Amino acid sequence: MSTQEHWESVYVFKSDQDLSWTQLEPRTSSSLIGEVCLAGRVIDVGGGTSLLPERLLGRGYSVAVFDIPQTAIDRARSRLGARASQIHWIVADVTATWPFPKCWSPVPNMPSVQTLR
């Protein structure tokens with residue numbers, strides 16, 4: 001089974017509530033992002049169905065979500081409704097692809113917070 005097939009099956013067979021990493025409110029990530037990036041662009045790598053992108057939109061950030069399973073991206077887009085068009089959605093494996101222009105380069109020394117300059 002490929003990595004993409006694995007993650008697709010996770011999101012096909014489990015609800016968000018059944019995913020151990022789901023946070024009802026992404027306070028820690030949101031707080032860390034606010035400390036290193038008061039405004040600008042953020043890429044949520046492995047964002048799946050996270051609430052973080054919509055919280056960041058509400059704070060004025062430009063947001064991209066990068067994840068492997070199309071199913072997770074579709075679920076998040078559906079939840080957001082019309083606001084989903086304000087997020088740049090990318091279905092790909094971040095370990096194999098970096099489809100962003102140089103202006104979306106990762107912030108150095110921030111491995112767990114995917115804020116970008």
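Since every read-out is calculated from the coordinates, none of them should be taken as a lab result. Just so you know, these numbers come straight off a predicted model, no measurement behind them. Neighbour counts run over all protein chains shown; Cβ positions are idealised from the backbone, glycine included.
So, counting K/R as plus one and D/E as minus one, what does the shell of residues with Cβ under 14 Å around I90 add up to?
Local charge sum for I90: -2.
Give a residue-ordered list of calculated ³J(HN,Hα) values for the stretch 33-47 (Karplus: 6.51 cos²θ - 1.76 cosθ + 1.60, θ = phi - 60°; whole Hz; x for Gly, Pro).
4, x, 6, 9, 8, 5, 7, x, 10, 9, 10, 9, 6, x, x
Starting from the amide H of T22, placed 1.01 Å from N in the peptide plane, find each other amide H under 5 Å away whose residue is 5 or more places distant or on another chain.
Under 5 Å from the amide H of T22: no residue qualifies.
How much length would be gained if the chain were fully extended between V91 and E5, taking 0.36 nm per residue of separation minus their Cα-Cα distance, in nm to one decimal? List each step's numbers first, then the result.
On the way: separation 86, 0.36 × 86 = 30.96 nm, distance 1.26 nm.
Gain on extension, V91 to E5, equals 29.7 nm.
Using 1/(1 + (r/R0)^6) with R0 = 35 angstrom and r between the beta carbons of S15 and R59, what's the FRET efficiency to the nearest 0.05?
With R0 = 35 Å, the Cβ-Cβ based efficiency is 0.85.
Expressed in nm to one decimal, what extension gain is obtained for the pair L38 and A82 from 0.36 nm per residue of sequence separation less their Cα-Cα distance?
Computed gain between L38 and A82 is 13.3 nm.
In debye to the nearest 20, how big a dipole does the stretch 1-66 give about its Cα centre with +1 on each Lys and Arg Cβ and -1 on each Asp and Glu Cβ?
260 debye
In terms of modelled amide H atoms, which long-range or inter-chain residues lie less than 5 Å from the amide H of A64?
Residues meeting the criterion, in which the H sits 1.01 Å from N, are V42, I43, D44, H88.
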